[in-house]
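A short worksheet on the structure shown next.
Each value in this text was obtained by applying a stated rule to the coordinates, not by laboratory testing. Note that the coordinates shown come from a computational prediction; the quantities given were computed from them, not determined experimentally. Here the Cβ positions follow ideal geometry from the backbone for every residue, glycine too, while neighbour counts run over all protein chains shown.
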There are 4 protein chains.
Amino acid sequence: MATDRENAVFEAAIKLGALYHQFVGTPISRATAEKVEAAIESAVSLQPYVTSIKVRLDKSLMNENPFGYSELTGAMYDVVIETKFGEAKCRAGLKFENGYPMMRILD
Amino acid sequence: MATDRENAVFEAAIKLGALYHQFVGTPISRATAEKVEAAIESAVSLQPYVTSIKVRLDKSLMNENPFGYSELTGAMYDVVIETKFGEAKCRAGLKFENGYPMMRILD
Amino acid sequence: MATDRENAVFEAAIKLGALYHQFVGTPISRATAEKVEAAIESAVSLQPYVTSIKVRLDKSLMNENPFGYSELTGAMYDVVIETKFGEAKCRAGLKFENGYPMMRILD
Amino acid sequence: MATDRENAVFEAAIKLGALYHQFVGTPISRATAEKVEAAIESAVSLQPYVTSIKVRLDKSLMNENPFGYSELTGAMYDVVIETKFGEAKCRAGLKFENGYPMMRILD
C-alpha cells in the first residue's frame, strides 16, 4: 500500500509530465504567452489532488522564427505545483537546468 | 507551381490539423473552456497567412468524469479559420459530423 | 529531502502523465496498434530511471469512424511501468476504470 | 464549391499539420527513431485520401541531453505525403528551412 505522501508525490508528477507533453509545440509569442499560461493553469487545476499550480513561460526564449513567432519548448517552462492526498502534501517543480527540463520534488 | 488559392487552402488546412492534434486531451470543464478557446485562438493567430480564427468548444459535451472534469475531444471542436495568400483567400472549418471531426473548405 | 522511494514514485508518474498526453489523439487501428505501442515503449524507455515499460492498447475499443480508423483515447491504455531510483523501486500503472484513466502506484 | 485539386491540397495539409503537432516532444534517440517513424507513417496512412506517406527524422540532430536521449523537434522532420481526391492529386512536404519547419505544396 502506498502512503499518502507517496500518492501526493505521484499525483504531482503525473501533472508535470502531462502538461509538458500536452503543450510543447504550441505556437507562442511574448504577446500571447499569458493566455497559454492561463490555459495550462486552468487545465492542471481541474485534475485531482491539485491545490496550487503556477506556470511561467520564459519570454526571453521566445525568439521569433521567420514568420514572427515561436513554439513552446521545454526550456521555457517554470512550473510549481502543489498536491494534497489525505493528510500529505507535495510541492514539485519543472525548470530547465543544464539543457534538460528537470522535474523535482521541492518538499 | 501552386496557385495562390491552392496555397491559401493549404495554409488553412495546416492550422486545422495542427490545432486539433495539439490540444486534444487537454483537461477542460465548462468553467475553463473559454481560457482554452482563447489559448487556441492566440496560438493559431500567430501562424502565417491567418487572417481570422474562431474556436468554440461545445460545453454540452463536457461531461464530468469521476473527478469532475472532462478532456478536450474532437467532438467538441467548432472552428472557422480564414487565410489569405497573395490575392487569394480561403475559409475552412472543423466540426463534428456523423461521428467524425470533419474539416472542410467552406469557400 | 525526498527519499529514493519518493523519487522512484515521482519518476514513474512523470512518464505516465507524459505518455498519456503525448499520444492521445493519434490515429490508430487494430492493424497499426502494435506500431504505436512499440513507439510509446521506445519513447518511455529512453527516459531516466525507467527499468521496464509495457504498453497495451485495447483493440476492442478501436471502433471504426466513417473513414475506417480510430483515435487513441485514454480508455485504450493499459500501461505498467517500473522505475528505480537509488536503491528504491516503483511499479505503477495506467488503466481505464469507471470512466477514468486511473494512474496508480502498484507497489 | 471546392475543386478536387483544392480538396487534395487541403487533405495533404491537414495531415502535415496534424503529425507535426501530435508527435513533437516525443522522447527519441538514434536507436529508436525508426520506431517513431513507423508509428507516424502508420498513423497518417489511416487518414482519408492519403495514398503515400514517407517520414524521415534527422538522426544527426538527435543530440543527447544529460540523460542520453533527445526530443522530437520540428527541425528533425522530413516528410513527403501524397493525397488523392476524386481525380486530383497533391504531393506536399514538410522540411526544416531557414529555422522554420516549412510545409509546401510540391506538385
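Before moving on, here are some points about what is shown:
- Computed magnitude of the charge dipole of chain B (debye, nearest 20; Cβ of K, R +1, Cβ of D, E -1): 80
- Dipole magnitude of the stretch A:56-107, debye to nearest 20 (Cβ charges: Lys/Arg +1, Asp/Glu -1, about Cα centre): 180
- In a DSSP loop and with at most 12 other Cβ atoms within 10 Å, there are no trypsin sites (Lys or Arg not before Pro) in the stretch C:55-87.
- Our summary gives chain C a relative contact order of 31 percent, counting only alpha carbon pairs under 8 angstrom and 6 or more residues apart.
- Reported value for the stretch D:1-48: 71 Å³ per residue, from the convex hull of its C-alpha atoms.
- Legend: distances between Cα atoms for A:Lys15/D:Lys35; B:Lys59/C:Lys95; B:Lys54/B:Lys84; pairs beyond 22 Å are A:Lys15/D:Lys35; B:Lys59/C:Lys95.
- Within the shell defined by Cβ-Cβ distances under 13 Å, the residues around C:Glu37 carry a net charge of +2, with Lys and Arg each +1 and Asp and Glu each -1.
- Rounded to the nearest 20, the size of the Cβ-charge dipole of the protein assembly as shown about its Cα centre is 0 debye, with Lys and Arg at +1 and Asp and Glu at -1.
- Straight-line cross-link partners of D:Lys89 among the aspartates and glutamates, defined as a Cα under 13 Å from its Cα and at least 8 positions apart when in the same chain: B:Glu6, D:Asp4, D:Glu6, D:Glu11, D:Asp107.
- A straight line joining the Cα centroids of the stretch A:89-107 and the stretch C:1-34 runs 17 Å.
- Ranking of B:Leu94, B:Leu19 by count of other Cβ atoms within 10 Å, fewest first: B:Leu94, B:Leu19
- Using a 7 Å Cα-to-Cβ projection, C:Arg56 label spacings across copies, nm, ascending: 3.8, 4.3, 4.6
- Distance between the pseudo-spin-label points of C:Asn98 and C:Phe67 (7 Å out from Cα toward the beta carbon): 3.6 nm.
- Estimated FRET transfer efficiency when R0 is 35 angstrom, pair A:Glu87-C:Glu34 (beta carbons, to 0.05): 0.20
- Where only DSSP H runs of four or more residues are counted, chain D gives -10500 deg cm²/dmol as its mean residue ellipticity at 222 nm, each run worth -39500 (n - 2.57).
- Among the residues of C:65-76, the average count of other protein chain beta-carbon atoms within 10 Å of the residue beta-carbon is 4.
- When the charge dipole of the stretch C:1-66 is built from unit charges on Cβ atoms (+1 for Lys and Arg, -1 for Asp and Glu) and taken about the Cα centre, the candidate among C:Ile28, C:Ala18, C:Asn63 whose Cα reaches farthest toward its positive end is C:Asn63.
- Loop sites in the stretch A:35-94: GluC sites (Glu not before Pro), DSSP, at most 15 other Cβ within 10 Å: A:Glu64, A:Glu87
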